[in-house]
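Everything below concerns the one structure shown next.
The values are calculated or read from the model by the stated rules, or taken from the named source; none is laboratory data. Everything numeric in this text was worked out from a predicted model, so none of it was measured. Cβ placement follows ideal geometry from the backbone for every residue including glycine, while neighbour counts extend to all protein chains displayed.
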Amino acid sequence: MIKYVFGLLILSNLCSCVEKGVQVQKATPTHPKLVIVPFLWSDLHFPLENLQTGDLVLRHSEGFSSDIFKGASKKEKLYSHAGIALRNSDGSVEVYHMLGGVENPSFNLKKDSVQAFVSPTFAKSFAIYHYDLASSERSAVDSLVRYYYKSNLQFDMDFDLNSDKKMYCSEFVYKVILFATHRKDYIHLSLENGKNFVGIDDLYLNIHSTLLIKKNYEKNH
């Protein structure tokens, strides 16, 4: 089995870095032409109104790097990417997520409509979980996420949980929820080689999350 740290090192190189001598720089590759898969939210038979600010949105995408992230989970290896849903005043819902590489060469905190985030154009499967947050905690989530977005929070290529200056995707969700709840035990961390990290499965395999919808496009159900 590929070890978590080794996998992340591979992922770092695949996502965004080019080595030139001893200097490592961010690459600026051209985004490959996307194959747009027809998709309507109504086909999910899940009312958009059921989504709330602070809900967890997960997906598993195509590609080797996605498989590495999925494999880093300790208990359930289903998803490779995570984001936080925010509901806007006009009723639309957007997912904020940390991403690098060709899909997001700026490495800044990214936002997409929830329809785009879970679309089969980008996802092989997805799930949405509801956290049991109080109204005040959801407001705190909204405020912090929007602050990070305006501040251009960067994706963390070092995967350093001890720093808040940059964050990887599951770390971003974890720290936003930690800020909103002030509870370190709300989401339990995983441990690898004596170091804590936030596995994708840590975000939803806990008593505070409830599954709202789960979809695997490959199995067509």
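When the range 35-92 is filtered for residues that are aliphatic (A, V, I, L, M), modelled with pLDDT under 90 and over 15 Å from A116 (Cβ atoms), the ones remaining, listed by number, are I68, A72.
Taken over the range 152-176, residues that are small (G, A, S) and either touching a residue at least 12 places away in the same chain (Cβ under 8 Å) or closer than 13 Å to A85 by Cβ (or both) amount to 1. Residues that are among the basic types (K, R) and more than 14 Å from the chain's Cα centre (by Cα) were ranked within the range 69-98; the one that is surrounded by the most Cβ atoms within 10 Å (Cβ to Cβ) is R87. Quick test of your reading of the structure: I84 fulfils all but one of (1) in contact with a Pro (Cβ under 9 Å, 6 or more places away or on another chain); (2) in a strand (DSSP E or B). Name the failing condition by number. Of (1) in contact with a Pro (Cβ under 9 Å, 6 or more places away or on another chain); (2) in a strand (DSSP E or B), only one is false for I84: (1). Taking the residues in the range 47-68 that are over 18 Å from G100 (Cβ atoms) and of a type in the set (S, T, N, Q) as candidates, determine which candidate is surrounded by the fewest Cβ atoms within 10 Å (Cβ to Cβ). It comes out as N50.
Every condition in (1) of a type in the set (V, I, T); (2) assigned to a strand (DSSP E or B); (3) out of contact with any Asp or Glu (no Cβ under 6 Å at 6 or more places or on another chain) holds for V145 except the one numbered (2). Among the residues examined, S89 does not qualify as in contact with a helix residue (DSSP H, G or I) (Cβ under 7 Å, 6 or more places away or on another chain), polar (S, T, N, Q) and assigned to a loop (DSSP other than H, G, I, E, B). Applying the criterion of being assigned to a loop (DSSP other than H, G, I, E, B), loosely packed, with under 14 Cβ neighbours inside 10 Å and at pLDDT 95 or above to the residues of the range 150-159, the residue that is farthest from the chain's Cα centre (by Cα) is S151. Pairs are defined by a Cβ separation below 9 Å, a sequence spacing of at least 6 or placement on different chains, a first member in the range 134-150 that is under 12 Å from Y96 (Cα atoms), and a second member that is surrounded by 16 or more Cβ atoms within 10 Å (Cβ to Cβ) and among the charged types (D, E, K, R); the pairs so defined are D142/R87; L144/K175; V145/K111; Y149/K110; Y149/K111. Once the range 93-142 is narrowed to residues that are under 22 Å from D164 (Cβ atoms), among the hydrophobic types (A, V, I, L, M, F, W, C) and assigned to a loop (DSSP other than H, G, I, E, B), the residue that is modelled with the lowest pLDDT is L99. Output the residue which, of all residues in the range 196-221 that are without any contact (Cβ under 8 Å) to a residue 40 or more places away in the chain and surrounded by 14 or more Cβ atoms within 10 Å (Cβ to Cβ), is nearest to D158 (Cα to Cα). Looking at residues that are without any contact (Cβ under 8 Å) to a residue 40 or more places away in the chain and surrounded by 14 or more Cβ atoms within 10 Å (Cβ to Cβ), I get V198.
Of all residues in the range 99-124, those satisfying the criterion of being within 19 Å of E49 (Cβ to Cβ) and buried (at least 20 other Cβ atoms within 10 Å of the Cβ) are V114, F117, V118.
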